Amino acid sequence: MIRVLFVCLGNICRSPMAEAVFRKMVEDEGLSGKISVDSAGLGGWHVGEPPHRGTRRVLEGRGIRYDGITARQIARGDLERFDYIVAMDEDNLAGLRRLDPQGAHRHKISLLLDYAPESDVREVPDPYFTGRFEEVYRLVEAGCRGLLEHIRHEHRL
């Protein structure tokens, strides 16, 4: 099983959106038995909460399910368990690297938009305060599509 973890700050906007979008892509490709998907936040403020209403609205509008997704805080053990740890922005990336001071898992950690080279931005902005969930969806979708292609190529799926 290939394990993918999406990470943002609070795990209610960007990373649960990426989890839901990527899960649908994996299901649509018939790869659910080979790729598992999860998300987590660096902070614990929203633990146990469902995705933000803006994230839910965007996903519902596209028929993407988010059932079973609740916010959780990343644990050091996640660095061991997951094969791909995908951050939404540079601050999240730095936070993940602080959890891995020896750099043992650095090769697993990346930015989502590293997988969307056609994008003119490198970070998925946080819509928590701006409300720009549609923009975030477009970036998340592009990054997830590229990540899935990367995984398929790397693992010959």
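All of the numbers you see were taken from the coordinates with simple rules; none came from a lab. This structure is a prediction, so every number in the text was calculated from the model and none was measured. Reconstructed Cβ throughout: ideal geometry from the backbone, glycine too, with neighbour counts over all protein chains shown.
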Considering the dipole of the chain built from charges on the beta carbon (Lys and Arg +1, Asp and Glu -1) around the Cα centre, which of 8, 112, 70 is farthest to its positive end? 70
What residue among 113, 31, 79 shows peak mean-square fluctuation when the chain is described by a Gaussian network model with Cα springs under 10 Å? 31
Quickly estimate the mean residue ellipticity at 222 nm for the chain, helices only: each DSSP H run with n ≥ 4 gives -39500 (n - 2.57), and the total goes over all residues, rounded to 500. -13000 deg cm²/dmol
Sort 110, 15 so that the residue with the fewest other Cβ atoms within 10 Å of its own Cβ comes first and the one with the most comes last. 110, 15
Relative contact order in percent for region 1-110 (Cα pairs under 8 Å, 6+ apart) equals 34 percent
Just in region 7-113: which trypsin sites (Lys or Arg not before Pro) are loop by DSSP and have at most 16 other Cβ atoms within 10 Å? 34, 62, 65
About its Cα centre, region 44-116 carries a charge dipole, from +1 on Lys and Arg Cβ atoms and -1 on Asp and Glu Cβ atoms, whose size in debye to the nearest 20 is 180 debye
Could you check the simple spin-label distance between residue 29 and residue 80, using points 7 Å along Cα→Cβ, in nm with one decimal? 2.8 nm
Which helices pass in the chain if a helix is a full DSSP H run, must span at least 15 angstrom along its long axis by Cα, and must have mean Kyte-Doolittle hydropathy not below 1.6? none
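Would you mind ranking 129, 6 by Cβ crowding within 10 Å, fewest neighbours first?
Result, fewest neighbours first: 129, 6.
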Compute the length gained on full extension between residue 135 and residue 106: take 0.36 nm times their separation in residues and subtract their Cα-Cα distance, giving the result in nm to one decimal. 7.6 nm
Given the options 21, 124, 47, state which has the largest fluctuation in a GNM of the chain using a 10 Å cut-off (strictly under) for Cα springs. 47
